[in-house]
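Notes for the one structure printed next.
The values are calculated or read from the model by the stated rules, or taken from the named source; none is laboratory data. Every value quoted in this text rests on a predicted model; they were computed, and no experiment measured them. FYI the Cβ positions are ideal-geometry reconstructions off the backbone, even for glycines, and counts take in every protein chain you see.
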Amino acid sequence: MDPTQAPPGGLDPPLGPIEPAPVDPGQPGPQDEPFRGPSPQQGLLRWIFVIAGGSIACVLLQHAEMAIFLAGAGILALAQASDAAAAYAGYRHWVQDRFPPRAASGMVVRLFVSAAVPGMGALTYLGIASYAAELGQDPAHRFAALWSYLAAIVCLLLVLRPVADRVTALLFRSGTIGRTRRLAARLVVIGFLLPPPMLALQPDLLDAMKTSPVPLADAGGLFAQLIGEIAVALAGVGWLVRRNGRDTLERLGLSAVRIEHLPVILVGLLGAIGINAGMEAAQQAWFPALWQLDKQATDLIAGNLPFWTALVLGLSAGLGEEILLRGALQPRLGIVLTALLFASGHVQYTWFGMLTIAMLGILLGIVRKRTNTTTAIIVHGLYDIFAVLASQG
């Protein structure tokens with residue numbers, strides 16, 4: 001993987017490390033079995049076609065959020081290719097020939113892989129800070145702006161390899177630190193930083209949702225998000241670059257549902273419904289104002305959806321989120337942290353609503369660990385369909 005000595009400036013070392021080292025538990029090293037499937041070079045070329053095709057789809061569907069997911073997938077594919085250079089001697093020589101460690105090309109790629117995600121995170125938080133500052137100078141808006149400015153600084157610090165390595169070691173407590181794992185840690189931290197300012201801005205966000213000129217959920221947008229989430233998951237586990245199709249499905253936990261999994265589906269679905277019902281009753285009794293805000297958010301998103309769009313919402317959320325979070329991330333990050341990240345992605349709700357979602361994430365994580373990701377997808381999808389249809393009742 002990476003040499004132990006970082007180059008000047010603390011950035012990741014140039015693409016194409018000199019000394020090989022194992023990258024990920026279960027991954028073959030230079031002395032192990034060769035890559036099974038297309039070569040990493042061919043894999044990168046195929047990813048270029050995937051991203052190009054996805055970009056065309058973004059234009060046709062008019063959903064820019066898909067482009068963000070595809071950009072993340074492309075960076076993850078580059079990171080996996082760099083890690084592959086450590087694990088496969090033949091590929092390492094190919095990379096070093098085309099991206100010499102001290103040449104401009106190698107340094108540019110190194111900087112891009114290291115800085116692209118933290119840079120986008122910093123720009124996002126600067127945008128949130130600017131938005132909060134424009135809304136006023138009351139305590140909630142000032143807090144949101146201050147937190148977002150500090151979050152932008154944290155994102156920029158994550159460009160530095162010593163900082164990124166420390167954070168990666170804290171989040172991923174086993175396995176060797178490579179570019180892919182370091183990149184995943186940066187993404188996780190950026191996600192964890194999101195709830196505080198968004199919670200402070202929630203009344204303003206609800207007002208913006210009420211006056212939105214476009215539907216908050218439509219079939220095209222849900223499909224675009226689903227494709228984007230799957231692309232990030234596939235790139236994150238090294239599909240085409242380090243894993244073939246069969247190994248990728250195995251790594252993501254996408255195997256057949258067996259008869260013994262059927263009771264788990266039933267118990268998981270009833271458990272999810274029970275958690276939501278219990279938490280909603282507690283929220284309505286103890287925090288009625290928060291309950292009203294969460295109900296507004298749910299009604300705005302799903303309250304007036306046509307039946308088939310509601311069905312697509314449930315299926316797409318269950319499929320995309322489970323493949324990305326429980327399939328790709330949980331085996332490395334663990335059940336609890338993955339559930340917290342899952343909750344961090346639902347900033348349209350109050351802290352109590354996000355706590356409920358975190359509890360549902362832990363339940364789904366247990367289902368994934370005890371069975372497979374396919375079973376967790378079914379439980380999540382059925383629960384979401386139930387919740388959306390219930391919100392329309």
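The table that follows gives values for the structure above.
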quantity: Those residues of the range 45-72 which are in a helix (DSSP H, G or I), touching a Cys at 6+ places or on another chain (Cβ under 9 Å) and among the hydrophobic types (A, V, I, L, M, F, W, C), in sequence order; calculated: Met66, Ala67, Leu70
quantity: Residue list for the range 331-351, filter: over 11 Å from the mean Cα position of the chain (by Cα) and under 23 Å from Ile385 (Cβ atoms); calculated: Ala339, Ala343, His346, Val347, Gln348, Tyr349
quantity: Condition check for Ile190: under 18 Å from the mean Cα position of the chain (by Cα), closer than 24 Å to Val232 by Cβ and in contact (Cβ under 8 Å) with a residue 60 or more places away in the chain; calculated: yes
quantity: Long-range neighbours under 7 Å by Cβ, at least six apart or interchain, first residue in the same structural domain as Lys369 (by TED's automatic domain parsing) and touching a residue at least 24 places away in the same chain (Cβ under 8 Å) within the range 326-347, second surrounded by fewer than 19 Cβ atoms within 10 Å (Cβ to Cβ) and among the charged types (D, E, K, R); calculated: Ile335/Lys369
quantity: Verdict on Val214 being assigned by TED's automatic domain parsing to the domain that holds Tyr131, at pLDDT below 95 and either within 15 Å of His63 (Cβ to Cβ) or within 21 Å of the chain's Cα centre (by Cα) (or both); calculated: yes
quantity: Number of positions in the range 146-162 that are free of Cβ contacts under 8 Å to residues at least 40 places away in the same chain and of a type in the set (A, V, I, L, M, F, W, C); calculated: 8
quantity: Scope the range 91-130; condition in a helix (DSSP H, G or I), modelled with pLDDT under 95 and among the aromatic types (Phe, Trp, Tyr); matching residues; calculated: Tyr91, Trp94, Phe112
quantity: Qualifying residue in the range 191-211 (condition: modelled with pLDDT under 95, surrounded by fewer than 19 Cβ atoms within 10 Å (Cβ to Cβ), under 22 Å from Leu315 (Cα atoms) and not hydrophobic (A, V, I, L, M, F, W, C)); calculated: no
quantity: Filter result for the condition that a residue is under 21 Å from the mean Cα position of the chain (by Cα), not in a loop (DSSP other than H, G, I, E, B) and not assigned by TED's automatic domain parsing to the domain that holds Arg332, over Ala145, Ala152, Ala140; calculated: Ala152
quantity: Number of the exception - Val257 against (1) touching a residue at least 12 places away in the same chain (Cβ under 8 Å); (2) assigned to a loop (DSSP other than H, G, I, E, B); (3) not assigned by TED's automatic domain parsing to the domain that holds Ile301; (4) not basic (Lys, Arg); calculated: (3)
